[in-house]
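Colleague: Here you go, one structure.
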Amino acid sequence: MIKVEHLYKKFGSNEVLTDISTDIKKGEVVSIIGPSGSGKSTFLRCLNMLEIPTSGKVIINGQDLTGPKKDVQKIRQGIGMVFQHFHLFPHLTVLENLTYAPMKVKGESKSLAEEKARALLLRVGLAEKEKAYPSSLSGGQKQRVAIARALAMEPELMLFDEPTSALDPEMVKEVLDVMKDLAKSGMTMAVVTHEMGFAREVADRVLFLDHGILVEEGKPLEFFASPKTERARDFLEKVL
Ligand code: ADP
Ligand code: MG
């Protein structure tokens, strides 16, 4: 579904991603882990062109996002993104947060958008919050709304950038549970996370980045039990 070929990203003279090649299959859940500043967010953002790669290719469903004839707006509609800090629309209710883009961007009718939004709120356990404003929600609830909002666009691919890092510990599980359900439903997911438990249990594959280099990738069981590289061993010693 996604093919990344020789991806490089520089900010000025700072090379943040160096020659990354990998792919993500339909329905696969990939966890991206690595030290702070290793380029995880930049990599994720290159997958939906929130950052423009300096060179290399990102091909999604056969469409070269980095090529000359690309409709980035259109491609981005098929990719949901969830951030550390939620980014909900503060002046809209929970329900309106979910219906806004489907109505505005996809031209869905209000009644259809609301019907789908309510089904999504049920799915993330927040059916009773549709009239609430984001400011009245807990962090875990906000993040579940953010996930539901991304799903309202019916994406083929979901990108998560440290979705639980800003949450109080007791709220991490409710968000991870929603993500686990999503993974089980067959969603293709790329998840930057410090939750090694999630990476181990839910991911089909782990990518380990260090200094912008894809140092190692593999099945979680193998990666966590016997990392092949010194750098991965060092990292795991610190976080596990
Ligand atoms: P991670 O998500 O792994 O912590 P990032 O992708 O956020 O790492 O950052 C990797 C490197 O790129 C860091 O050195 C960071 O300072 C730099 N960087 C990220 N975004 C920008 C930007 N917009 N402009 C300049 N430098 C950036
Ligand atoms: Mg980051």
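Colleague: Return the residues of the stretch 110-128 that are touching an Asp or Glu at 6+ places or on another chain (Cβ under 9 Å) and open to solvent by less than 60 Å² (accessible area, probe 1.4 Å); say none if nothing qualifies.
Modeller: Correct list: GLU114, LYS116, ALA117, LEU121, VAL124, GLY125.
Colleague: Do we find that GLY140 is more than 16 Å from ligand 2 (Cβ to nearest atom), part of a loop (DSSP other than H, G, I, E, B) and modelled with pLDDT of 95 or more in this structure?
Modeller: Judged against the criteria, GLY140 is not a match.
Colleague: Tell me yes or no: at least one residue of the stretch 111-134 is in contact with a Phe, Trp or Tyr (Cβ under 8 Å, 6 or more places away or on another chain) and at pLDDT 95 or above.
Modeller: Yes, there is a match, as at least one residue in the stretch 111-134 is in contact with a Phe, Trp or Tyr (Cβ under 8 Å, 6 or more places away or on another chain) and at pLDDT 95 or above.
Colleague: Same structure, new question: Are there any pairs with C-beta distances below 7 angstrom linking a residue in the stretch 10-32 that is without any contact (Cβ under 8 Å) to a residue 40 or more places away in the chain to a residue that is open to solvent by less than 70 Å² (accessible area, probe 1.4 Å) and aliphatic (A, V, I, L, M), with the two at least 6 apart or on different chains, and if so which?
Modeller: Filtered contacts from the stretch 10-32: ASP23/ILE2; ASP23/VAL4.
Colleague: Here is a further query. Residues of the stretch 61-80 being open to solvent by less than 30 Å² (accessible area, probe 1.4 Å) and assigned to a strand (DSSP E or B), which ones?
Modeller: ILE79, GLY80
Colleague: Still on this structure, I have one more. Which condition from (1) touching a strand residue (DSSP E or B) at 6+ places or on another chain (Cβ under 8 Å); (2) surrounded by 19 or more Cβ atoms within 10 Å (Cβ to Cβ); (3) at pLDDT 95 or above is the one that PHE83 breaks?
Modeller: All conditions pass for PHE83, except number (2).
Colleague: Could I ask something else about it? Look at the stretch 34-60 and say how many of its residues are within 9 Å of ligand 1 (Cβ to nearest atom) and either at positive phi or surrounded by 16 or more Cβ atoms within 10 Å (Cβ to Cβ) (or both).
Modeller: Qualifying residue count, the stretch 34-60: 12.
The values are calculated or read from the model by the stated rules, or taken from the named source; none is laboratory data. Because the structure is a prediction, the values reported are computed rather than measured. Don't worry about glycine lacking a Cβ; one is built from the backbone with ideal geometry, like all the others, and counts go over all protein chains shown. Surface areas here come from the heavy atoms of the whole protein model, side chains and all, with no ligands, DNA or RNA. Shrake-Rupley method; radii C 1.70, N 1.55, O 1.52, S 1.80 Å.
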